[in-house]
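The values are calculated or read from the model by the stated rules, or taken from the named source; none is laboratory data. Quantities reported herein were computed from a predicted structural model and do not represent experimental measurements. Note: ideal-geometry Cβ built from the backbone for every residue, glycine included; neighbour counts use all protein chains shown. Note: areas computed on protein heavy atoms with side chains; ligands, DNA, RNA excluded. Shrake-Rupley method; radii C 1.70, N 1.55, O 1.52, S 1.80 Å.
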Amino acid sequence: MTKTLVGSVGNVVSGDRFWGREAELQRLLEYIDEGAHLSIIAQRRIGKTSLMREAASRLSEDFIPLYIDLQASESSAGLVTELTIATAPHDGLWGKAKSVFSNLFSTATGCVDTISVADFEIKIKDGFSGDNWQDKGSQILNILASQEKRVVLFIDELPILISRMLNDYDSEGIKSVHTLLTWLRLQALKHKDKISMVFAGSIGLEPVLSRAKLSADINHLTPFELKPWTDPVALGCLEALAAHRKIELPKSAAQQMLDLLGCNIPYHVQLFFSKISEHCQEARALSCSPESIHEIFNARMLNSKGHSDLAHMEERLDKVFHKDELKLAMDILTQVAVIGFIEQAQVQTLCDRLQVTKVQRSKLLPELFTTLKHDGYLKKNTAGKYVFISNLSREWWRGKFGDFFETV
């Protein structure tokens, strides 16, 4: 009997909707069981958060999972705040964690035992001064380490926090990030038998730190690579989605969908199917032929409206590159999008056009291409030329920037 799958475009998935990651999930759980500290390496929209959430739900009763989202955090104190709030679902831990900040709560605001999460978030901003976040954070981690069960911290978007703290890579920003990462490393070593840490983010941690010369600060983390779906997994997903919607989707049509995407990012696979489903509903059809796939891809997948994930491709470059470097990165990507590839001679011509000196190039270009490869923009093909990893990303980029770009 054909499996069915309820579509879930853009949302964290779990349970029956968690598709095609059983091997990766099992590997992640084994690492956690062994006490490893991990850095999940993957492209955006690959399913990192879903993997962490599902791992947290499947951990045995010997563990206490805490999920910490740093998307909105701007400082080390913000990390400690989110760490504290993450204990809220666990009554015993929440009370103990709040007690670290008991000096903040007077009779006017209520005792620490009765303070709500919302009130705590408001008041906590007054609880930090200077570097006392280290003391508060260490106290919280000591409380977690004192539990009978092992605690697993799933820490999402640490690279975003670090990017904000680096503040265009000035000396003060680099110092503050080094202090935070050193503290995290020391705490991980101190509590190695009681606390595990799993980090992930929508931009790469290693490229951001490499540019600040802080890569050594995460040498205690085990890299955990999460790759795009294989064709069989992606085809199985499309078959299950079609079965749920009662849409006839020939295997040749499904394969054409994957060929057009060029890279089986789970979000993009499900998004493309949602556009197929929309088309069938509007046409009052129960099937979608291979002939219709290309039309739907151009008309709906490459539409400039409602594609915040693709727009984020451009926006997140600003988080890892300086202003002048950003212009070169944008030009390289547009050259690749329009022509289909880029070679060394073309890179040098773009550098000439932007007046990047030869001395600057020797340092800048290796870092730039490392970042563009790590974060899922480009790869080297068998001919040694840089090309887009995702055809969807390439076509979207070309549609947005190609018309007014002078190629070299």
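Hey, any hits in segment 377-395 for a residue that's assigned to a helix (DSSP H, G or I) and among the polar types (S, T, N, Q)?
Checked segment 377-395: at least one residue is assigned to a helix (DSSP H, G or I) and among the polar types (S, T, N, Q).
A single member of Ala72, Ala55, Ala97 is under 19 Å from the mean Cα position of the chain (by Cα) and either surrounded by 22 or more Cβ atoms within 10 Å (Cβ to Cβ) or polar (S, T, N, Q) (or both), and it is Ala55. Test Asp309 against the criterion of being closer than 27 Å to Pro159 by Cβ, crowded, with 16+ Cβ neighbours inside 10 Å and more than 23 Å from the chain's Cα centre (by Cα), and give yes or no. Criteria not met by Asp309. When Asp403, Asp331, Asp375 are checked against the criterion of being crowded, with 21+ Cβ neighbours inside 10 Å and more than 23 Å from the chain's Cα centre (by Cα), Asp331 stands alone in meeting it.
Counting only helices (runs of 4 or more DSSP H) that fall entirely inside segment 282-346 and contain at least 3 residues that are at pLDDT below 80 and on the phi < 0 side of the Ramachandran plot, the qualifying elements are 308-315. Can you spot a residue in segment 276-291 that is surrounded by 13 or more Cβ atoms within 10 Å (Cβ to Cβ), over 27 Å from Val13 (Cα atoms) and polar (S, T, N, Q)? Checking segment 276-291: at least one residue is surrounded by 13 or more Cβ atoms within 10 Å (Cβ to Cβ), over 27 Å from Val13 (Cα atoms) and polar (S, T, N, Q). Could you say whether any residue in segment 283-297 is within 28 Å of the chain's Cα centre (by Cα) and not β-branched (Val, Ile, Thr)? Within segment 283-297, one or more residues are within 28 Å of the chain's Cα centre (by Cα) and not β-branched (Val, Ile, Thr). Scan segment 181-195 and give yes if some residue there is crowded, with 17+ Cβ neighbours inside 10 Å and β-branched (Val, Ile, Thr), otherwise no. Yes: one or more hits.
Just checking, how many residues over segment 1-48 are in a helix (DSSP H, G or I) and open to solvent by 60 Å² or more (accessible area, probe 1.4 Å)?
Initially, segment 1-48 is screened for residues in a helix (DSSP H, G or I), giving 15-17, 22-33, 48.
Okay, now just the ones that are also open to solvent by 60 Å² or more (accessible area, probe 1.4 Å), so 16-17, 22-23, 26-27, 30-31, 33.
Looking only at that region, the number is 9.
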